[in-house]
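Structure first, commentary second.
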Amino acid sequence: MSNNKEKLFSEFQAPTTQEWLDKIQVDLKGADFQKRLVWRTNEGFNVQPFYRREDLANLKTPDALPGEFPFVRGNKKDNNVWYVRQNIVVDDPAKANAKALDILNKGIDSLGFKVKGSQVSAELIDTLLNNILCDIVEVNFSTCPAHALDLANILVAYFEKKGYDKEKVVGSINFDPLEKMVMKGKDATPMLEVAPKLVEALKDYPNFRCISVNTESLNNAGAYIVQELGYALAWGNEYLQQLVDAGIDVDLAAKSIKFNMGVSENYFMELAKFRAARLLWAQIVKQYEPKCDCACKMIVNATTSTYNQTLFDSYVNLLRSQTEAMSASLGGVHSMVVTPFDVTYEDATEFSERIARNQQLLLKEESHFGQIVDPGAGSYYIEHLTDALAQEGWKIFLKVEEEGGFLAAAKAGTIQDDINATNVKRHGDAAKRKEFLLGTNQFPNFTEKSDGKRAKQGGCCCHTDAEKCEPEFKTINSTRLAADFENLRIETEEKKVPVAFMLTIGNLAMRQARAQFSCNFLACAGYKVIDNLGFKTVEEGVDAALKANADIVVICSSDDEYAEYAIPAFKYLDGRAMFVVAGAPACMEDLKAAGIENFVHVKCNVLETLKEYNKKLGI
């Protein structure tokens, strides 16, 4: 059989890359290959329309093995099982315990408790962990950094009281004072002295990590994938260097660090990010000369993003978080949190939390993603993305190191400036619809109302005195990508909902296409849009618009026909409603000379145009 296969394949000559390119160029009919088919990513490298084996010739990643240094293919050899995690905010310890026990029976095997610093006590832990088997279930804790050491000592005493096998206790304490520096502008330097003590307190528990790198905060502030990757490496290296300098054994120091990373919507690139992150972190730790390669493993908890979540059409958030969860699981993370779809405007409900759990269980139990080790390995595209992200992420890491390390760069504000600049750019791209948010700036639900939903506002977690929260350094501004459009739409809804009437006339295909475009455009601000099948004359269309009490009349036709229809329609309307031309026809200057000033087309800044229309309409 094998001989027949060899004979069959030998009868066909494999085309070369150049032959493929020549064929593509013919099909492009003179169009520029680079502009039409090559994707210039935000991460700083190009993605080709196709890849071949020769593109991987100089890459080392395809030769790596699962569970072996540099761990690009994952930390495990025989499976891809991850912990399904759900976080619980602890207001009442007994209620939090009851909730934990309930969700453990619903598929969760990792718990994340968010505890106020003032609550930390032995009594709290006794109540919180009652009937929870910490040698079977992963337990994670987040509290004020000032109380982290107390929490660690209480946990050690609790674990010893229960007689747990130290090797089987898996979990973490989310101690990350540097996060407060970059996000809140608070000087974290004094708290860094706690880190070595924290590591020493938990040194007998090899699978319980106590130093965190929370780049999920950068992700939720709009950071590009390569930024999160590069800063995660520098962030982790800052902690590792400080621990080693404080006299902590490098193996113990490295095994105490846990990465909490975000996952955004770029499916394949996020998958590749986790592969690249493990590769680079392993190389960094290796330079400290640990006794065992196992110290070079990167442990990652992934959390689906809130940056791209929306208040309107919020069920679309389920689609976003599902693809994000797929990226994380296939990327080989240690544990994962799927963010409930409604957290942008309310505390997660029992329903939304159940759906979030089931999103992971669907992947793990029904799609068997936990059984396949690194399914992306060998894919020419994914291997290329892994290598390209590693190279670009490494550049950011080196840049931070040249600035004196992560702490020095955070004090100087260069990290904050970089992320803020990206956030501003992404909001600008969303305003121009260069970056799509389904249901918000593209294909909004025409009839949806906010029904009182408003974006939740974050607050300071440690102090009630506002003066104590004054930033000492630059901060990162976390503003969801949809926020600008949502604010505009709510403003429209609260004050006045204009009626936009499509005056469709002329060429059937063009008038329908432009009416659909205009309806989507104006509905982004919550306008009521009325589409039509077409009118024989502009007068008939204008009369119908006024009968419908239209505030805006949008003429929709072909470029050639605008020269015939637009000015008569504008004159007949005679200022009784705002007049808009759908498109940017060649006769635009002639139309402007006649007094027509409003045009909607693909090159418009949608957000700014709609704000201008609101102003003209007195909204």
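The values are calculated or read from the model by the stated rules, or taken from the named source; none is laboratory data. Quick caveat, the model's predicted, so the values are computed rather than measured. Here the Cβ positions follow ideal geometry from the backbone for every residue, glycine too, while neighbour counts run over all protein chains shown. Accessible surface areas use protein heavy atoms only, side chains included; no ligands, DNA or RNA. Shrake-Rupley method; radii C 1.70, N 1.55, O 1.52, S 1.80 Å.
Some points to look at:
- Residue identified as touching a Pro at 6+ places or on another chain (Cβ under 9 Å) and at pLDDT below 95 among Thr127, Thr189: Thr189
- Residues within region 546-574 that are open to solvent by 10 Å² or more (accessible area, probe 1.4 Å) and part of a helix (DSSP H, G or I), tallied: 13
- For Ile619, the requirement of being in contact (Cβ under 8 Å) with a residue 40 or more places away in the chain, closer than 23 Å to Ala430 by Cβ and either of a type in the set (S, T, N, Q) or surrounded by 17 or more Cβ atoms within 10 Å (Cβ to Cβ) (or both) is met.
- Looking only at region 128-137, and only at residues there that are in a loop (DSSP other than H, G, I, E, B) and touching a residue at least 24 places away in the same chain (Cβ under 8 Å), the one that is nearest to the chain's Cα centre (by Cα): Val137
- Within region 524-538, the only residue that satisfies the criterion of being closer than 14 Å to Val553 by Cβ and basic (Lys, Arg) is Lys528.
- Residue count for region 84-99, restricted to those that are open to solvent by 60 Å² or more (accessible area, probe 1.4 Å) and either closer than 17 Å to Val170 by Cβ or not hydrophobic (A, V, I, L, M, F, W, C) (or both): 4
- Among the residues of region 341-365, the ones that are open to solvent by less than 50 Å² (accessible area, probe 1.4 Å) and touching a residue at least 40 places away in the same chain (Cβ under 8 Å) come to 10 in all.
- Only listed residue being touching a strand residue (DSSP E or B) at 6+ places or on another chain (Cβ under 7 Å) and not in a helix (DSSP H, G or I), chosen from Asn75, Asn87, Asn79: Asn87
- Residue count for region 366-398, restricted to those that are surrounded by fewer than 17 Cβ atoms within 10 Å (Cβ to Cβ), in contact (Cβ under 8 Å) with a residue 12 or more places away in the chain and charged (D, E, K, R): 1.
- Candidates Phe175, Phe159, Phe113, filtered to the one that is within 25 Å of Ile355 (Cα to Cα) and among the aromatic types (Phe, Trp, Tyr): Phe113
- Members of region 26-59 found to be over 27 Å from Tyr224 (Cα atoms), part of a helix (DSSP H, G or I) and open to solvent by less than 80 Å² (accessible area, probe 1.4 Å), listed by number: Leu28
- Listed here are the helices (runs of 4 or more DSSP H) enclosed by region 231-340 that have at least 1 residues being basic (Lys, Arg): 267-286, 316-330.
- Counted residues, region 399-418 - those being open to solvent by less than 60 Å² (accessible area, probe 1.4 Å), without any contact (Cβ under 8 Å) to a residue 12 or more places away in the chain and aliphatic (A, V, I, L, M): 1
- Restricting attention to region 60-69, the residues being open to solvent by less than 20 Å² (accessible area, probe 1.4 Å) and either assigned to a loop (DSSP other than H, G, I, E, B) or touching a Leu at 6+ places or on another chain (Cβ under 6 Å) (or both) number 2.
- Condition check for Lys474: modelled with pLDDT of 95 or more, open to solvent by 80 Å² or more (accessible area, probe 1.4 Å) and farther than 30 Å from Ala566 by Cα: yes
- Condition met for Asn532 (closer than 18 Å to Thr609 by Cα and not β-branched (Val, Ile, Thr)): no
- Answer residue from region 285-301, given it is closer than 18 Å to Asn260 by Cβ and in contact (Cβ under 8 Å) with a residue 60 or more places away in the chain and is surrounded by the fewest Cβ atoms within 10 Å (Cβ to Cβ) among those: Ile299
- Residue in region 395-407 that is among the charged types (D, E, K, R), over 22 Å from Tyr239 (Cβ atoms) and within 22 Å of the chain's Cα centre (by Cα) present: no
- Residues of region 203-221 satisfying the condition of being crowded, with 24+ Cβ neighbours inside 10 Å and either aromatic (Phe, Trp, Tyr) or more than 26 Å from Lys273 (Cα to Cα) (or both): Phe208
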